[in-house]
Amino acid sequence: MASQASKRIRKEDLIKLTQAMVRIPSVNPPGNEDDLAEFLVQELKSYGFSSKLVNVKPKRSNVMAMLSGKKKGKTILMNGHMDVVPVGDLSAWKFEPFSGTLHQGRIYGRGSVDMKGGLASAIIATKAFADTYGEDFAGSILIAGVVDEEDAGIGSKKLVESAKADMAIVAEASDNAIYRAHKGVLWFEITTKGQALHSSRVRSGNFENAIYRMTRVVNALEDYLAELEKRKDALVGNPTINVSVIKGGTKTNVVPDLCTITVDRRLLPNEDPKVALEEIHKLLVSKTKLKDLAFHVALEREGTIIKESEPIVKLTRNAIQEVTGKQPKVTGCMATTDMAFLVNQGKIPSVVYGPGSLEQAHVANEYVEVDELLKAAKVYATMFEKILCK
Ligand SMILES: [Zn+2]
């Protein structure tokens, strides 16, 4: 049975808002989300929600909007990021990436699925709920449009410093599943040192070549993946490691004195990035016998997990069942999201559930299906009723 609020959700509103958001570029890097943030504040005000910008960095503000009922009750936080990744090769796009073209039931454009569509679904669901109940409910809906999810996550980091909520939904694309866990990520560089020398003067065992040293590191890391693959996690699979970039040497007739690689290590939900790095450090010292390896961490984002027994899991599952007639899978996400900040730092039990598929994220011709937006919005509105209308 469809909830009262979900019956009020109109496809046209979802299309219009998603298109409007896609048409305001908010590419990260550099991450100038302010044009979109200002648009959203005005839009949310026009729906009668109290809304404001919360500055995180110059030209980068979160949007916060609150809808509160007459009576005290639970607060549900709807979280969505406003930034998008760069468009990449423009010639691969069949529609202009910021056109928000509607074609055969899909809205095309950078950010359509990741995740302006998800944020639009949360906003339109809240509007439908407000139009249905006015202030005649208990508790609050807090909408947070945040900056910088596609990089270090400074937006959600800032959000959890002040936002209080009993539960949260991150409206990222989740392929019809509910994610109650996701992986973390650690990016770092390793540098090996050698000694510059004229290339004509090399003698076996008597010169120090930074690239030769790095091959020992690279080989050890290649073998290490098989070790990591043994550490299976039921929700997110296994941790991984990958050497992604290598740079070394200056000139053909010089023995290289420096070589650097960048490494991507994906972490299990409970893995501490610092412990993971320490393990790699020890492994490499023992395998390569190199004592002067230099490590530099570029990005550290924790994974996260909540218990299956958390009310937000059941609420989301029941709402999906009600709207779609199908039981969703409750699983984990391979990618990193802002859920970790909400759960680990904000102590807010959260799940990821949102329209579309991650397969469509970060690619040319990114799109989101309008029917997916409608379904997610109906699920959110159904949840609001269950949580806020007693
Ligand atoms: Zn995203």
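The values are calculated or read from the model by the stated rules, or taken from the named source; none is laboratory data. The model shown is predicted, which means the values in this text are computed figures rather than measured ones. Here the Cβ positions follow ideal geometry from the backbone for every residue, glycine too, while neighbour counts run over all protein chains shown. All accessible areas refer to the heavy atoms of the entire protein, side chains included, with ligands and DNA or RNA removed. Shrake-Rupley method; radii C 1.70, N 1.55, O 1.52, S 1.80 Å.
Values computed for the structure shown
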| quantity | calculated |
| --- | --- |
| Accessible surface, per residue, of region 184-301 when the full set of protein chains is kept, probe 1.4 Å, Å² | 58 |
| Dipole of region 175-306, positive direction: furthest Cα of Ile280, Val218, Phe188, with charges on the beta-carbon | Val218 |
| Centroid-to-centroid separation of region 45-61 and region 77-93 [C-alpha atoms, Å] | 20 |
| Reach of Lys70 by Cα under 27 Å, taken over lysines that are not fewer than 8 positions away in the same chain | Lys7, Lys45, Lys52, Lys127, Lys164, Lys314, Lys347, Lys378, Lys386, Lys390 |
| Of all DSSP beta bridges in the chain, antiparallel share, percent nearest 5 | 70 |
| Helix-only [θ]222 nm of the chain, DSSP H runs n ≥ 4, -39500 (n - 2.57) each, per residue, nearest 500 | -10000 deg cm²/dmol |
| Förster-model FRET efficiency, 51 Å R0, Lys193 and Lys7, C-beta, rounded to 0.05 | 0.15 |
| Alpha carbon centroid spacing (whole Å) that separates region 300-316 from region 245-289 | 32 |
| Non-local Lys pairs in region 184-301, i.e. 8 or more apart or on different chains, that have alpha carbons under 30 Å apart | 29 |
| Convex hull volume of region 184-301 per residue (C-alpha atoms, cubic angstrom) | 95 |
| Size of charge dipole - the chain - debye, nearest 20, with Cβ of Lys, Arg +1 and Asp, Glu -1, no other charges | 580 |
| Label-zone membership for region 258-289, site Asp223, 7 angstrom Cα→C-beta point, backbone N under 17 Å | 279-289 |
| Among Ala165, Ala294, Ala377, residue whose mean-square fluctuation peaks in a GNM of the chain (springs only between Cα atoms under 10 Å) | Ala294 |
| Point-charge dipole on Cβ atoms (K/R +1, D/E -1) for region 184-301, about Cα centre, debye to 20 | 460 |
| Helix axis angle, 117-133 relative to the chain longest principal axis, alpha carbon, degrees | 20 |
| Nearest 10 degrees, 0 to 90: helix 34-46 Cα axis against the chain principal axis | 20 |
| Inverse mean reciprocal Cα-Cα distance (Kirkwood Rh) of the chain, Å | 22.4 |
| Residue with peak Gaussian network fluctuation, the chain [Cα springs, cutoff 10 Å], from Gln19, Gln360, Gln327 | Gln327 |
| Stretch gain in nm, segment Thr260-Asn242, where the contour uses 0.36 nm per residue and the Cα spacing is subtracted | 5.1 nm |
| Between 0 and 90°, nearest 10: helix 273-288 axis offset from the chain longest Cα axis | 20 |
| Rough spin-label spacing in nm, given labels placed 7 Å along Cα→Cβ, for Gln327 and Ala364 | 4.2 |
| Accessible surface of the chain, 1.4 Å probe, proportion on carbon and sulfur as whole % | 51 |
| Shape call, region 9-121: gyration tensor on alpha carbons, a/c limit 1.5 | oblate |
| Difference of contour (0.36 nm per residue) and Cα-Cα distance, Ser46 to Asp371 | 114.5 nm |
| Calculated FRET efficiency for the pair His296/Ser200, C-beta based, R₀ 30 Å, to 0.05 | 0.35 |
